[in-house]
Amino acid sequence: MNRFAELLDRLSYTPGRNDKLALIVDYFRHVPDPDRGYALAAMTGTLDFKHAKPAMIRGLIEERADPALFRWSRDYVGDTAETIALMWPVRPGVNRVPDLSEIVEELDRTSKLDMPGRIAGWLDALDETGRWALLKLITGAMRIGVSARLAKQALAQYGSLDIAEVEEVWHGLEPPYLDLFAWADGLAERPEHGTLAPFRPVMLSHPVEEADFARMDPADYRAEWKWDGIRVQAVSEGGVKRLYSRTGEDISGSFPDLIEAMRFEAAIDGELLVVRGGAVAPFSDLQQRLNRKTVGKKQLAEFPAGLRVYDLLVEDGEDLRPLPFDERRERLEAWVAARGEPRIGLSPLIPFANFDDLTELRGHAEAESVEGVMLKRGDSPYLAGRPKGYWWKWKRDPFLVDAVLLYAQRGSGRRSSFYSDYTFGVWKDGALVPVGKAYFGFTDDELKRLDRFVRDNTINSFGPVREVTHEPDKGLVLEVAFEGLQRSTRHKSGVAMRFPRINRIRWDKPPREADELGLLETMLE
Amino acid sequence: MPVPCNETAAPDVLSFMKAFTDIVCPTPKGLYCPPGDFYIDPTRPSPRAVVTHGHSDHARAGHGSVLATKETLAIMGARYGADFTPSQQAARYGERHRIGDATVWLSPAGHVLGSAQAVIEAHGRRIVVSGDYKRRPDPTCAPFEPVPCDVFITEATFGLPVFRHPDDGKEVAKALHMLDVFPERCVLIGAYALGKAQRIITLLRQGGYDAPVYIHGAMEKLCSLYESLGVELGDLRLTKDAVKGEMMSKIVIAPPSALGDRWSRRLPEPVNAFASGWMRVRARARQGGIELPLVISDHADWDELTGTLLELSPQEVWVTHGREEPLVHWAGLNGLKARPLHLAGYDEEDGEGPQGDNLKSAEDAAGEPA
């Protein structure tokens, strides 16, 4: 348990992704089975202990500490699990420090009645980092900045495996993942998923650049809309139905309406969208359905989920992935037609003769839920990952707006000595209102210059935030690019940008020439 | 050396009628002793001051006279110039000084070099103003000595049961471990220039680290002073004289305000560490962008505070600054009479105060140009 606690502790203080990966890989290298497998399970969120819950843990400390002192401490620390870990009365030497595997197995086995005593015994034996890690493990809210994807990535890196293959086998496996680690250690073959409806790694595309078109023959390519939803894989095999995100996370729980509609024996690739009366709703509607463990009736009725399908990977047990795109497409079209399922619609092919036709369409795609066009070679097999030369994404040109820098905040990690997060605003009735925040899109040299500008033009400091000069003739204009604009009640300006970034720094332009909020309102989705 | 309270002076019956506040009482300028007409750690210029230790919220310039240990006087001289007061009176630990109708003597507080508790006796009573203190060993200063008393006046910087400082040797070992993990980086430890910095350096030496320690310019004067007062610090070098490459895999010590400041760009990819009792709370460390929190404090933790109160069991406990309410509440639960004094003006800068950890607002004040 100490090694696991140390890992969580280090992860919680390490900002960089690569540094986090290195820590996890190092842990996998030095910690034996089954502990490392349970650690992987903890980081990927696959553990759930039905008898160990936060309320019970609160009860444990209330038996051991004065309630007023606990309350003051909780208010100060801001996190219940951490408060308990810190103020737990120490009884050194009372017990052997348990292994992680012992804890996980006991948590699973212990009855509700015996659970408090069991947990208290462990808390007595552990030091404060160990207690913190144990309580985080039990409450499931780790907050160490590690996604399930990152943990799997670390496993792939540890065993020099392909992340796509790890994701493919993942859903058939159970903690403590002995067969997975045996494979990573080169001691066994890749584990075969014994379960039905596994995830198949998705095929991804490359952004297309102007220069690429010269080498591309329009006749070789098929075009589809690039939907502004989320990419999913819907799999239904032998009665098991699963909806996966494009990284292989099982999101079935959030979409019972769609699962219900999956009456087929196949694996399909498509876009998850909110579809009302056959029309695709904007991304903001879909957001109402994301990241929910349970969905209410109201959400189901107001934001009905639907699929726009664009590929067929498996049909009635037959793996179609090696077939060329055109053949799969033919099968897909017949398949969708045969279903007659209103929630499952075909993502149409867009007819075109040359790429200029598409430029037109791409620019005028009035459908709010389209963010560009996909170009796929008619002869491309379905390959895991991002193979070169088959699939291209051609995004709609971003929206651009000239905004004025209002506030700057310091970054983290390597950027901690630079003001690198910028809040910018546009004019409304002669005053500047904040409309967004961006922290990338500039080079290192530009960052240095921006940082200098912020320091030399600070008019106010609020902790880590600086307010900079923003008068009609004094200040800095930033050309901001973004993908879309939505109404927002959380922002003073009433709008919120998607993926804003700094496109250009307009050192030459006075703030009075920056844009008006009115212009942004014309861009609303 | 501790003397039982009832042997200190011949009590007369009348003086027993006097309240403790006739001997020491809180005022807007700090604690005041009417029979001796002096202040202890006054926050504003006063005709006569007794100063417990050299941190700038306790030791200010401009008093008419100052009584303190010779180390504290030397620290004040180094900070404010030799003329910080027209009259300096150096007191050895345990040496009794008559001031007006009161007697004052100093007892080690274990906080920083020269730190002392002020023991004040008058009307047959004894009141101990402990200043800032800690109970665990510190190689750079004399250990705290408990003095039995009628009233014990305590700080409560870490007056919550979540604050339990771990073994300082293990904390320093974490910094050394980082050097092994990231040989191409340096570990930059934010530490207060007086006391904490020298304690860390000494702990590093005890932990077997004999390579040069690189220090920020703001540390130079006080490190030299410590060495001249007999605290060995080993090979110290100034960062401004060093090239980036030579600081790889080395320890660098700077004032907390220099972490994340432009100054730090001269260092090889520093791992930001901060040595403070506040680092026990994760959110605190993360807000400050700290990668390596080191829980090392010169203040008593909860166990030391409560242990000291139980050990002394004074008639009354007065709590000066920090988290007064929880400590007063605890005292009540444990049969001790306690009250908060709500003194203002302490706990602000060098003393690990709530603002001390606000690393970012204090930026650019590090003294050394970028």
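The values are calculated or read from the model by the stated rules, or taken from the named source; none is laboratory data. All figures in this text were calculated on a predicted structure; none of them were measured in a lab. Neighbour counts are summed over all protein chains in view; Cβ atoms, including those assigned to glycine, are modelled from backbone coordinates with ideal geometry. For the accessible areas, the whole protein counts, side chains as well, though only heavy atoms, and no ligand, DNA or RNA atoms are used. Shrake-Rupley method; radii C 1.70, N 1.55, O 1.52, S 1.80 Å.
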Any idea which residue in the stretch A:161-196 is most open to solvent (accessible area, probe 1.4 Å), counting only those that are under 24 Å from the mean Cα position of the chain (by Cα) and among the β-branched types (Val, Ile, Thr)? A:Ile163
Give B:Trp278, B:Trp318 a once-over and let me know the one that is touching a Lys or Arg at 6+ places or on another chain (Cβ under 8 Å), of a type in the set (A, V, I, L, M, F, W, C) and closer than 30 Å to B:Phe182 by Cβ. B:Trp278
If B:Thr308 satisfies every condition in (1) in contact with a Lys or Arg (Cβ under 8 Å, 6 or more places away or on another chain); (2) at the interface with chain A (Cβ under 7 Å from one of its Cβ atoms); (3) over 19 Å from B:Lys196 (Cβ atoms) but one, which is the exception? (2)
If B:Gly356 passes every condition in (1) open to solvent by 10 Å² or more (accessible area, probe 1.4 Å); (2) touching a helix residue (DSSP H, G or I) at 6+ places or on another chain (Cβ under 7 Å); (3) at pLDDT 85 or above but one, which one does it miss? (3)
Working carefully through the options B:His329, B:His342, find the one that is open to solvent by 20 Å² or more (accessible area, probe 1.4 Å), within 12 Å of another protein chain (Cβ to nearest Cβ) and at pLDDT 50 or above. B:His329
The lone exception for A:Gly121 - which of (1) more than 30 Å from A:Glu249 (Cα to Cα); (2) outside any helix (DSSP H, G or I); (3) more than 12 Å from chain B (Cβ to nearest Cβ) it fails: (2)
Candidate set from the stretch B:292-322 (those that are open to solvent by 10 Å² or more (accessible area, probe 1.4 Å) and in contact with a helix residue (DSSP H, G or I) (Cβ under 7 Å, 6 or more places away or on another chain)); member that is nearest to B:Gly190 (Cα to Cα): B:Pro293
For residues that are open to solvent by 60 Å² or more (accessible area, probe 1.4 Å) and of a type in the set (D, E, K, R), tally how many sit in the stretch A:137-160. 2
For the stretch A:463-484: of the residues being open to solvent by 10 Å² or more (accessible area, probe 1.4 Å) and touching a residue at least 60 places away in the same chain (Cβ under 8 Å), which is farthest from the other protein chains (Cβ to nearest Cβ)? A:Glu483
The listed residue being at pLDDT below 90 and not in a loop (DSSP other than H, G, I, E, B), out of A:Glu360, A:Glu446, A:Glu366: A:Glu360
Of the residues in the stretch A:12-34, those that are in contact with a helix residue (DSSP H, G or I) (Cβ under 6 Å, 6 or more places away or on another chain) and at pLDDT below 90 come to A:Thr14, A:Pro15, A:Gly16
Quickly run through the stretch A:373-387 and pick out the residues that are over 24 Å from the mean Cα position of the chain (by Cα) and assigned to a loop (DSSP other than H, G, I, E, B). A:Gly378, A:Asp379, A:Ser380, A:Pro381
Total residues in the stretch B:20-56, condition touching a strand residue (DSSP E or B) at 6+ places or on another chain (Cβ under 9 Å), in a loop (DSSP other than H, G, I, E, B) and either open to solvent by 10 Å² or more (accessible area, probe 1.4 Å) or of a type in the set (Asp, Glu) (or both): 9
Within the stretch B:272-291, which residues are of a type in the set (Gly, Ala, Ser) and either more than 7 Å from every other protein chain (Cβ to nearest Cβ) or open to solvent by less than 10 Å² (accessible area, probe 1.4 Å) (or both)? B:Ala273, B:Ala275, B:Ser276, B:Gly277, B:Ala285, B:Gly288
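Among the helices (runs of 4 or more DSSP H) confined wholly to the stretch B:156-271, which include 3 or more residues that are open to solvent by 20 Å² or more (accessible area, probe 1.4 Å) and either within 27 Å of B:His55 (Cβ to Cβ) or more than 14 Å from chain A (Cβ to nearest Cβ) (or both)?
Helices (runs of 4 or more DSSP H) meeting the threshold: B:168-181, B:220-228.
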Determine if the stretch B:99-118 includes at least one residue that is aromatic (Phe, Trp, Tyr), open to solvent by less than 40 Å² (accessible area, probe 1.4 Å) and either within 28 Å of B:Leu309 (Cβ to Cβ) or touching an Asp or Glu at 6+ places or on another chain (Cβ under 8 Å) (or both). yes
Taking strands (runs of 3 or more DSSP E) that do not extend beyond the stretch A:389-429, which have at least 3 residues that are within 28 Å of A:Ile459 (Cα to Cα) and modelled with pLDDT of 90 or more? A:399-410, A:419-428
Do we find a residue being surrounded by fewer than 24 Cβ atoms within 10 Å (Cβ to Cβ) and either at positive phi or within 14 Å of another protein chain (Cβ to nearest Cβ) (or both) anywhere in the stretch B:140-153? no
May I ask you to verify whether A:Leu126 is within 33 Å of the chain's Cα centre (by Cα), touching a residue at least 60 places away in the same chain (Cβ under 8 Å) and either open to solvent by 10 Å² or more (accessible area, probe 1.4 Å) or more than 9 Å from chain B (Cβ to nearest Cβ) (or both)? no
The stretch A:1-117: helices (runs of 4 or more DSSP H) wholly inside it with 2 or more residues that are open to solvent by 20 Å² or more (accessible area, probe 1.4 Å), within 11 Å of another protein chain (Cβ to nearest Cβ) and farther than 23 Å from B:Leu294 by Cβ are A:67-77
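Yes or no, residue by residue, for (1) among the acidic types (Asp, Glu); (2) assigned by TED's automatic domain parsing to the domain that holds A:Asn18:
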{"site": "A:Asp99", "(1), (2)": "yes, yes"}
{"site": "A:Leu113", "(1), (2)": "no, yes"}
{"site": "A:Glu128", "(1), (2)": "yes, yes"}
{"site": "A:Ala148", "(1), (2)": "no, no"}
{"site": "A:Lys152", "(1), (2)": "no, no"}
{"site": "A:Ser160", "(1), (2)": "no, no"}
{"site": "A:Val169", "(1), (2)": "no, no"}
{"site": "A:Pro175", "(1), (2)": "no, no"}
{"site": "A:Trp183", "(1), (2)": "no, no"}
So the helices (runs of 4 or more DSSP H) completely within the stretch A:259-356 holding 2 or more residues that are open to solvent by 30 Å² or more (accessible area, probe 1.4 Å) and modelled with pLDDT of 90 or more are A:297-302, A:325-339
